[in-house]
Structures are given as C-alpha cells and as structure tokens.
Amino acid sequence: MRRAKQLLLHTSAMTATSLLMRTIALVFQVYVAGKIGAAGIGLFQLVMSVYTLATTVAVSGVRLAATRLIAQQTGRGDNAAIRRATGCAMGYAAFFGMAALLLLYYLAPAAAAWVGDDRIILSLRVLAFALPFVAASGAMGGYFIAMHQSVKMSLVQLSEQFIRIGCTVLALLRLGGYGLEYACGALTLGMLASEVFSFLALLLLLLASLPRPMLPSLLRITVPLSLSSYARSALSTAQHLLVPRGLRLFGGGAQAALAAYGVIQGMSLPILLFPAALIAVIADLIVPELTEAQVQGRLRGLDYMLERLYRLGLFFSMAVAGACFFFAHPLGELIYSEPAAGQYIRLLAPLVPIMYMDTLVDGMLKGVGEYRANMRYNIIDAATGLLLVWLLLPRYGVAGYLFSISATELLNFALSAARLTRVTVFRLQPLCWLLTAAAAVGGWWLLRLIFGRLLSRTGQPLILLLLVFLYLACYGAALLLCGALRREELSWLFSLLRGEKSPKT
C-alpha cells in the first residue's frame, strides 16, 4: 500500500507540474502562431522533425537505461552501484551528445536539400549546440525517476519553460521582422537557452559518481535500444519531411502545404495531446516501480494497482476524447482563431484513447524489461507511416495524412497491447472500452438534455469552460450508471488519498 500511495503522490505532483507546463506552452504557441502564422509554424515543425532525429542520436536510450539500471540497484539497496551507474550514464550521454552535435551541424545543408527549403539550416545549426545538454539531462532525468525524486526534475522543467519563453520573446522581437528563417531561428535560440539552463540546474542536484564498473550493464540496455530508436526516429523524420511534399503534389503551393501541415501538427495535435500529461507521468513513473518489483519478486502485489491505473487511465482518455470531439470547433476558434484547427481536432479526437493508452502500455512494457519489443513495434509503426505518407498524400492530400496517422496509431497500440498480455497477467478488458465509449456519448446526451440552452453560447470562453466541466460531470455520471466505473475503484483511490491500508496492494 505504501508503494501505491507513493506512486500516487509522485503522479499527482508531476501531473500538476506537467499540466502547468503544457498550459504555458499552449498559450505561448498561440502567441507564436500569431507572430509567424501557419506557414511559419509549418516551417518550424519541419525543423523539429529533423531535430527530433538528432535528439534520438544524442540520447541514444540513456534515459530508460539509466532508469532501469539505477532502479535495479535501488531494489538491491546498493548505494555504491547507484553512484557508479549514474556516472556511467553521464559519460555515455556526453559522448553521444557531442557526436549528435557534429552530425546535425554539418549535415544541416543536406537536410535542407532533402526538405527543399534552405531556411531551416540556420535553425538546425542553432539547435545542434543544444544536443549535448539534452543528452546529459536525459541521463540525469533517468536517475531522478529511478530514485523517486521526480518532483525535483519537474520543478527544473517548469523553470526551463519560463527561460525558453523569455529568451524566445526577446529573440523574436529582435529577429522576427527579418522573415520566417530568422523567426524560426529565434524560436530555436530560446530552446537552446532553456536546455543549457536545465542541464546546469539538474547538475547542481546530482551527486557525481564513478562510471566504469557499470558500463557493460549500461551498454546491454542502450545498444539495442539506441539502434532501434535511431531507425524509428529516422523513419519518423522522413515521414514528417515527406508530408509537405505530398501535399504539394496533391495540389497547391509550398506555402499552402506548409500551412496545412502546421495546422495539423502545430495546432490541432497539441490540443489533443495537452491533457496527456497525466498518462505520460504515469508511464514514466511505473518503469522504476515495475523494475524494482521484478528485482524484489513482488510483482503479484503490483498487478492490482496497475490494473486500476490502466482502467482509470482509460476513463480519463475517453473523457478527453469526448470533450475534444464535441467541443472541437469552439476550441479551434477560441484558441487559434483558425476554423481548420477545429475541424482536424474533431477528426482526430476518436484516436485520443488509443494514443493515450498506447503511451501507458509502452511504459508497462519498458518497466517489465520489454523495451526491445516496444522499440520493434515503434519501428514497424514508423515504417508503415512512411509508406502510407509516400503512397497516399499525393493522391488524397490531407485525408491521406489523417488516415496514415490513424492507421499507425492503431497498429502500434495493437502490437504493444498484444505483447503485454503475453508477458504479464494483464488483460485489456474490451467490455470496459465499450462501456467507457458509451459513457462518453451518454455524457453528451445528458449535457444536451440538461444544459441544452448553454450550447448555443460556446463562443464565449467562460461558457465554453463551464460546459466542458459540466460535460465531464455528466460523463462521470454515465460511467457510474453503465457500470464501467466500479465502486471498488473509487474506494481504492480514496483509500490511497486517506493513507488507509488495502490488502490487495
């Protein structure tokens, strides 16, 4: 019970911090979109696609490897080994961070040639200098998660967000008037400054240690993980870079293609993924919990808690999907003043439960040591997405891109979930999915029945916020009425909050 309560407390603290960070980031994204427009957002998304591949090389699996390796030693109570493992992870991160810096800096022109837009070279070269700091922060982040000190990391990340915004605003004021190339460069300068700050702040919190004795154990995790993540990230980057090309071939100019890509990737998807902070936090925190449970032989006691977290995660993700689907258009209009954003939010909203629960299942797989299977499925996902984008976008345009997103998300979740059921006693409970989906629709029906008059005033921000909360309340009532949410689960959650003992956990 103590472990369950500890996990709940860490989850609550990290989720609150993450939601605050995402709120700040979303508000800032609206500000940036107003400054550089949809085409500018599209250009910046191209930069980020290449940068994501570079960060994969820089990190090279060190965060997950550090989490598992340090959690194993925590389970054994070996403090000296914890220090050695942390130092080894830092040395590993330094090597790959510097290698990634050189690769991105000197290959930036080649990436621009592939994209067909030289304006991304400046931004890529600025971001190259952030990569060693990203790698080292990843290693230290793995340490803090494994040692159950994630709140410290969250506070650093929150401070980092303010540094990024402040530096970006200053850079935009100085460089934004020189065109999209320098506007994107201003955004990357803010990112570079924030990564340097994050590294220095985490370093002050970290106790240094000896690297060499733990190197073989570290490499056994990082080598297969790195090779798989390189392949997956390369395929994913190629997929994103092909999207504007495919949209241009379908019809319309380069600016229109960038704008459409920017609306989907830079406006609609951030809204859908904004509440995913809770799921992402749980997926991170259960990795060391499961690893320690494996080492100490207490997996049976953890199964009950994981099943409860899975069900509650499903209830949460379906609530987000329902709110985004039914309030898509007013959300797009109020946040971005962009009607197309609302249209794409509604089209992609049914995927939210799949995306959220895939993140949670991935965390479970990593926690039980199935990170190789997880990466294998991610490679299959990325390769399938690349093929679909190549084949469908020139013929079907945006509809083809939306189909490719849907198909790959479903494929990844199906593969990961099937693997989890094979290696654990965990079950996916399809009836719970059906009842939860029915509750999402039933909640909307209840809202229309009771508060129908308010629905005509969704253009007012406060009314929209009130309606979303009322919808969530109606959804919760529908969950109880259809039997999806059981009293046992509510009792379990309340017992954690009160600190009472539960025999099953």
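The values are calculated or read from the model by the stated rules, or taken from the named source; none is laboratory data. Keep in mind that what you see is a predicted model, and the values were worked out from it rather than measured. Neighbour counts run over all protein chains shown; Cβ positions are idealised from the backbone, glycine included. Just the protein is used for accessible areas: all its heavy atoms, side chains included, with ligands, DNA and RNA removed. Shrake-Rupley method; radii C 1.70, N 1.55, O 1.52, S 1.80 Å.
Scan the stretch 300-321 and tell me whether some residue there is more than 18 Å from PHE44 (Cβ to Cβ), at pLDDT 80 or above and not in a helix (DSSP H, G or I). The answer is no; no qualifying residue exists. Taking residues in the stretch 46-64 that are closer than 11 Å to ALA128 by Cα, and partners anywhere that are open to solvent by 30 Å² or more (accessible area, probe 1.4 Å), the pairs with Cβ atoms closer than 6 Å and at least 6 places apart or on different chains are ALA58/PHE96. Within the stretch 164-178, the set of residues being more than 27 Å from the chain's Cα centre (by Cα) and touching a residue at least 40 places away in the same chain (Cβ under 8 Å) comprises GLY176 only.
One residue alone among ILE120, ILE165 is β-branched (Val, Ile, Thr) and buried (at least 23 other Cβ atoms within 10 Å of the Cβ), and that residue is ILE120. Suppose we filter ALA407, ALA382 for residues that are open to solvent by 20 Å² or more (accessible area, probe 1.4 Å), small (Gly, Ala, Ser) and closer than 27 Å to GLY246 by Cβ; which single one remains? Exactly one of ALA407, ALA382 is open to solvent by 20 Å² or more (accessible area, probe 1.4 Å), small (Gly, Ala, Ser) and closer than 27 Å to GLY246 by Cβ, namely ALA407. For the stretch 189-246, the set of residues classified as part of a helix (DSSP H, G or I), hydroxyl-bearing (Ser, Thr, Tyr) and either surrounded by 18 or more Cβ atoms within 10 Å (Cβ to Cβ) or modelled with pLDDT of 80 or more (or both) consists of SER194, SER198, SER217, THR222, SER226, SER228, SER229, SER233, SER236, THR237, listed by residue number. Among the residues that make up the stretch 455-467, is at least one of them of a type in the set (D, E, K, R), assigned to a helix (DSSP H, G or I) and in contact (Cβ under 8 Å) with a residue 40 or more places away in the chain? Checked against the condition, which is being of a type in the set (D, E, K, R), assigned to a helix (DSSP H, G or I) and in contact (Cβ under 8 Å) with a residue 40 or more places away in the chain, the stretch 455-467 yields no hits at all.
Condition check for LEU411 on (1) closer than 18 Å to TYR310 by Cβ; (2) of a type in the set (A, V, I, L, M); (3) touching an Asp or Glu at 6+ places or on another chain (Cβ under 9 Å): one failure, at (1). Entry remark, the stretch 111-129: residues being closer than 24 Å to ALA193 by Cα and in a helix (DSSP H, G or I) number 11 in total.
In the stretch 328-379, the residue that is nearest to the chain's Cα centre (by Cα) out of those that are open to solvent by less than 20 Å² (accessible area, probe 1.4 Å), among the small types (Gly, Ala, Ser) and under 16 Å from ARG63 (Cα atoms) is GLY363.
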